[in-house]
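Beneath this line is the structure, given in structure tokens, with notes to follow.
None of the figures in this text is laboratory data; all of them are computed from the coordinates on show. A quick note: this is a predicted structure, and the numbers were derived from the prediction, not measured. Cβ: placed from backbone, ideal geometry, glycine included. Neighbour counts: every protein chain shown.
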Amino acid sequence: MNDISFDVKIKASEYASLTGLSLNTVKNRIKAGVLKGSKEEDGVWYVYLTQEELEHLRSLREREEEGTKNLQANLEGMKSTLEGSLIATYMSALMMKEQQKEQLLHELSSLYTLLAIREKEMEFLLKELELLRGKCEAVEQENKELKDKLREKEEELAQFKEKLKEKDYIISQKDLELQRVVLDKDREILSRDMELSVLKMELEKRKRKE
């Protein structure tokens, strides 16, 4: 239960009976904060009152019931004569209209209270919608930035691949050039070896002749 200062609590249905309001009107006024109360763990709606407020409501209800009884008694007395009967009929119709008027006023009050609740709920939902829109815009902006970065990285990767191809071509050319140099050196060494062999053979021949 909420931490509310009160002396007594009564069911919302009892409060409705004391005040002449409908139960839905009482509940709506509790929801709107017009009345102190809440729906407790037992699932029942309660109204929180001070002892003076409760006694005042009961006193008003008793006086209203007493006045109604007196008026009805007077009307019954008037019905004994024709003129009194007409007056009593008129007064009864007037009382019914007053009761209908009071009921309509209570219903109107209930509708205004319900409208106030719906306006608060709408205000809350609009704020939530605004927050969601802000978050969506932030996410969209972030996605755009990520796409731009991804595009930049893709362009950098393409440039890197082109440079890598160029490097591979240069390396392959250098490798071919190196192979040519090695072949030339091999040929030169082979030629030197052959010359050396010829010289050795000539030297041996000279030695033999001597």
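Shown for THR19, THR50: other C-beta atoms within 10 Å of each C-beta, ranked fewest to most, produce the order THR50, THR19.
Across region 23-38, computed HN-Hα scalar couplings (Karplus, 6.51 cos²θ - 1.76 cosθ + 1.60, θ = phi - 60°) run 4, 5, 4, 4, 4, 5, 5, 5, 4, 7, x, 6, 10, 7, x, 6 Hz from first to last residue, x flagging Gly and Pro.
Extending 7 Å from the Cα toward the beta-carbon at both GLU64 and GLN51 defines two label points whose distance is 2.5 nm.
Using a 10 Å cut-off around each Cβ, can you sort LYS167, LYS9 from fewest to most neighbouring Cβ atoms?
Numbers: LYS167 10, LYS9 19.
In order of increasing Cβ crowding within 10 Å: LYS167, LYS9.
Each residue of region 41-51 was assigned a 3J(HN,Hα) from its phi angle through the Karplus curve 6.51 cos²θ - 1.76 cosθ + 1.60 (θ = phi - 60°); the sequence is 5, 7, x, 9, 7, 10, 10, 9, 9, 7, 4 Hz, with glycine and proline shown as x. Straight-line cross-link partners of LYS161 among the lysines, defined as a Cα under 30 Å from its Cα and at least 8 positions apart when in the same chain: LYS144, LYS147, LYS149, LYS153, LYS174.
Measuring nothing but how far apart in sequence close Cα pairs (under 8 Å, 6+ apart) lie, relative to its length, region 1-60 scores a relative contact order of 41 percent.
Listed values for region 128-144 are Karplus-derived 3J(HN,Hα) couplings in whole Hz (6.51 cos²θ - 1.76 cosθ + 1.60, θ = phi - 60°), namely 4, 5, 5, 4, 5, 4, x, 5, 4, 4, 5, 5, 4, 5, 5, 4, 4, and x replaces Gly and Pro. Applying 0.36 nm per residue to the separation of LEU150 and SER22 and subtracting their alpha-carbon distance, the gain on full extension is 39.7 nm.
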